[in-house]
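Trainee: Let me begin by handing over the structure; questions about it come next.
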Amino acid sequence: MTRPPTDGAAVRVWLWRSGADHRLSSVQLLQGAPSARSDSGTLPAALWERCATDDPAALRACLDAAQPIEALPVRFAGLAAEGRAGLLDGRALRDADGRFAGYHGTFREDTGAAGPAPAPKPPSAPDSDFFTHAISHDLRAPIRVIEGFTKIIKEDYGPLLDRVGNDHLERVLGAATRLNGMIDALLALSKLSSQPLAPQSVNLSQLAGCVADDLRRSAPTREVEIAIEPGLQALGDPAMLRTLIDGLLGNAWKYTAKTAQGRIDFGRHAQLPDTFTVQDNGAGFDMRFADRLFGVFQRLHSASDYPGAGVGLAAARRIVGRHGGTVWAEGEVNRGARFHFSLPRGGTAPG
């Protein structure tokens with residue numbers, strides 16, 4: 001779905017907002033460019049009129065049902081003469097009485113894309129069950145064979161092999177262990193899509209404090225300043241939101257490992273309602289490859305420098321999407337990263 005960007009091209013993130021009639025009221029470049037508002041003469045059209053997709057009727061039906069939009073490939077007209085291709089995310093807004101009040105979300109521009117591609121369809125429940133069974137049993141069987149026979153060779157013939165031969169066997173066993181870890185990560189990610197939500201009011205500040213304590217205990221010699229804004233509340237499934245906060249703060253903790261004076265901040269976004277930000281001063285990343293961050297097993301840094309299963313941010317997107325929110329990232333190489341995510345404040349979280 002996401003295409004590699006053109007060399008030298010920067011991926012830009014736009015914030016958009018629409019009213020209850022689905023007409024765009026503003027589109028703003030996140031990095032601080034002036035807003036394009038409805039009185040400019042370019043925005044009064046409905047969202048599906050500005051976003052070219054393979055199935056505009058499906059987009060309109062999604063909006064009419066107030067369903068979340070997640071990583072939908074579109075060409076957004078009005079951002080350039082020919083429009084810009086990229087991925088559209090959004091969620092419904094509610095007023096104080098719980099009534100539908102429009103949408104707000106992000107458009108992540110892909111300067112290397114030639115046009116919108118068909119959006120992948122989510123797997124049905126039977127497909128998901130088949131996937132889980134295949135991963136759990138069918139794929140593990142040959143891994144056990146590889147591990148078993150490699151251990152036999154090492155035990156029976158290891159003394160007859162030189163150092164290079166034994167090193168090859170260790171590499172095979174290491175690869176089998178990593179593959180088992182990847183399978184475990186895929187199963188955990190699949191579970192996030194199928195387990196039911198139990199939404200309630202959640203104190204995100206308290207969750208973040210617990211996660212921060214766990215991180216400090218895991219590496220007591222590290223000196224990282226963690227600042228958590230008090231009183232952050234959201235509606236959602238407590239277990240899933242704990243996984244979300246754990247993943248984002250853990251990601252920031254990992255990528256500040258090589259920073260002399262690491263700092264992690266968690267607080268409310270200054271400009272967007274019901275949106276929160278995890279910010280660090282660690283390794284950062286090149287914004288040209290921002291969309292790869294949320295892909296399964298996609299890495300922008302060496303696994304030897306920053307180990308991990310490679311599904312943490314994919315899980316974060318899955319959790320936020322199931323709650324009707326959006327998630328996106330900003331960063332700069334060696335100058336840290338910011339991960340923003342929105343969550344509903346009231347009403348009922350989507351299933």
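Trainee: Restricting to segment 250-268, name every residue that is of a type in the set (Gly, Ala, Ser) and open to solvent by 40 Å² or more (accessible area, probe 1.4 Å). Before you say what the answer is, go through the steps one by one.
Mentor: Looking only at segment 250-268, we keep the residues that are of a type in the set (Gly, Ala, Ser), and these are 250, 252, 257, 260, 262, 267.
Those that are of a type in the set (Gly, Ala, Ser) and open to solvent by 40 Å² or more (accessible area, probe 1.4 Å): Ala257, Ala260.
Trainee: Then there is this: Suppose we filter Asp21, Asp54 for residues that are within 23 Å of Thr275 (Cα to Cα), at pLDDT 50 or above, out of contact with any Leu (no Cβ under 6 Å at 6 or more places or on another chain) and in a loop (DSSP other than H, G, I, E, B); which single one remains? Lay out the reasoning, then the answer.
Mentor: On the way: Asp54 fails: within 23 Å of Thr275 (Cα to Cα).
Sole residue among the options that is within 23 Å of Thr275 (Cα to Cα), at pLDDT 50 or above, out of contact with any Leu (no Cβ under 6 Å at 6 or more places or on another chain) and in a loop (DSSP other than H, G, I, E, B): Asp21.
Trainee: Hey, another quick one. Working only within segment 213-242, note down all residues that are surrounded by 20 or more Cβ atoms within 10 Å (Cβ to Cβ) and part of a helix (DSSP H, G or I).
Mentor: Answer for segment 213-242, where residues must be surrounded by 20 or more Cβ atoms within 10 Å (Cβ to Cβ) and part of a helix (DSSP H, G or I): Met240, Leu241.
Trainee: Separate question: If you go through segment 269-306 one residue at a time, how many are open to solvent by 20 Å² or more (accessible area, probe 1.4 Å), over 15 Å from Val327 (Cβ atoms), outside any loop (DSSP other than H, G, I, E, B) and at pLDDT 75 or above?
Mentor: Residues flagged as open to solvent by 20 Å² or more (accessible area, probe 1.4 Å), over 15 Å from Val327 (Cβ atoms), outside any loop (DSSP other than H, G, I, E, B) and at pLDDT 75 or above within segment 269-306 amount to 2.
Trainee: Under the condition of being hydrophobic (A, V, I, L, M, F, W, C) and in a loop (DSSP other than H, G, I, E, B), which residue from segment 57-77 is surrounded by the fewest Cβ atoms within 10 Å (Cβ to Cβ)?
Mentor: That would be Ala65.
Trainee: Further question on the same structure: Looking at segment 176-190, is at least one residue at pLDDT 80 or above, under 30 Å from Arg263 (Cβ atoms) and either in contact with a Ser or Thr (Cβ under 8 Å, 6 or more places away or on another chain) or open to solvent by 60 Å² or more (accessible area, probe 1.4 Å) (or both)?
Mentor: Filtering segment 176-190 down to residues at pLDDT 80 or above leaves 176-177.
The next check asks that each one be under 30 Å from Arg263 (Cβ atoms); those that pass are none.
Taking every residue of segment 176-190 in turn, none turns out to be at pLDDT 80 or above, under 30 Å from Arg263 (Cβ atoms) and either in contact with a Ser or Thr (Cβ under 8 Å, 6 or more places away or on another chain) or open to solvent by 60 Å² or more (accessible area, probe 1.4 Å) (or both).
Trainee: Tell me which of these Ser342 doesn't satisfy, since it passes every other one: (1) at pLDDT below 80; (2) within 22 Å of Pro68 (Cα to Cα); (3) among the hydroxyl-bearing types (Ser, Thr, Tyr).
Mentor: The failed condition is (1).
Trainee: Within segment 315-330, track down each residue that is open to solvent by 10 Å² or more (accessible area, probe 1.4 Å) and under 8 Å from the mean Cα position of the chain (by Cα).
Mentor: Ala315, Arg317, Arg318 - these are the residues of segment 315-330 that are open to solvent by 10 Å² or more (accessible area, probe 1.4 Å) and under 8 Å from the mean Cα position of the chain (by Cα).
Trainee: For segment 201-235, what are the residues that are polar (S, T, N, Q), within 21 Å of the chain's Cα centre (by Cα) and within 18 Å of Arg263 (Cα to Cα)?
Mentor: Correct list: Ser205 only.
The values are calculated or read from the model by the stated rules, or taken from the named source; none is laboratory data. In this text, all values refer to a predicted model and were calculated from it rather than measured experimentally. All Cβ positions, glycine included, derive from the backbone under ideal geometry; neighbour counts span all protein chains shown. Only protein heavy atoms, including side chains, enter the accessible area calculation; ligands, DNA and RNA are left aside. Shrake-Rupley method; radii C 1.70, N 1.55, O 1.52, S 1.80 Å.
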